[in-house]
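The values are calculated or read from the model by the stated rules, or taken from the named source; none is laboratory data. Keep in mind it's a predicted model, so treat the numbers as computed, not measured. Don't worry about glycine lacking a Cβ; one is built from the backbone with ideal geometry, like all the others, and counts go over all protein chains shown.
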Amino acid sequence: MFQRSYYRTIWISDVHLGTRACKASSLLDFLRHHISETLYLVGDIVDGWNCGPSWHWSFAQQELVDEIVRWRRIGVNVVFMPGNHDEGNPGLVEELFGRIPSVSSLIHTTLDGSRMLVIHGHQFDGSLNLNRLLPKIGSNAYARAQRIHDWYNRKSEQGSDEGRSLSDYLREPARKAIEFLTDFRDRAVLAAARDHKADGVICGHIHRSDHRLIGNVMYVNDGDWVHNRTALVEDRDGTLQILRWSPPPHHISVSAPMPQEAIS
């Protein structure tokens, strides 16, 4: 039996089920050690772009799907928000998870009354963003692009500069260029918050967790389960924080709580 930590709300995104990059076993372990009243699946849970010869399905991925389905059965409010990788294949999502409630975005009100717009984030992409081009290049080309992306984003397991190879240093400028082309600008986040009369925005999409103010708007990115193994949680008092889940032996690092004055 797992010892579970309780949270009012949990947000996860960018799991990319159906790919070899998916850290399904880590997310399964995370879910087995936590529980919440509401679980938001904030897009790119399934990688519909990867359908075809490059599709990869493991026992751990099936167990992860089964665990999320079990959360629904025990009464957790599970809500799915399609991302750019799974919005074009809703049948695949329904086949895996059943008739799961699905919305493009919503307003989540924290316990302290803050209005947070929850949205995958691809809606913020600019015209030069690579994500606008990748769906049009076909599954084989996408698989090659995925391997290149993984090469750019590969990090040392030790998390330090010791023993880094020459290729690691050569990779860094390319990684930053990819981030520039796939990131979205702060003004798009501000505009979305203004349009929805929200105090903040919670999203995923860019595979990098973040927790900061943009002007007077709180921006929180829950990260991903491909590289970073991060989730966003809401505590019993309404505080939002990012959890980073490492493979066993378990170690959790917690971000600074959301400043309450920033979203009043």
Tell me which residues, restricted to region 189-209, are in contact (Cβ under 8 Å) with a residue 24 or more places away in the chain, surrounded by fewer than 19 Cβ atoms within 10 Å (Cβ to Cβ) and of a type outside the set (Lys, Arg).
Leu190, His196
Which of the strands (runs of 3 or more DSSP E) contained wholly in region 176-264 include at least 3 residues that are modelled with pLDDT of 65 or more?
200-203, 210-214, 217-221, 230-234, 240-245
Do you know which residues across region 25-66 are in a strand (DSSP E or B) and among the aliphatic types (A, V, I, L, M)?
Ile35, Leu39, Leu41, Val46
Quickly run through region 52-88 and pick out the residues that are among the polar types (S, T, N, Q) and within 19 Å of the chain's Cα centre (by Cα).
Gln61, Gln62, Asn77, Asn84
Per the filter on region 229-242, residues touching a Lys or Arg at 6+ places or on another chain (Cβ under 9 Å) and buried (at least 21 other Cβ atoms within 10 Å of the Cβ) are Thr230, Ala231, Val233, Glu234
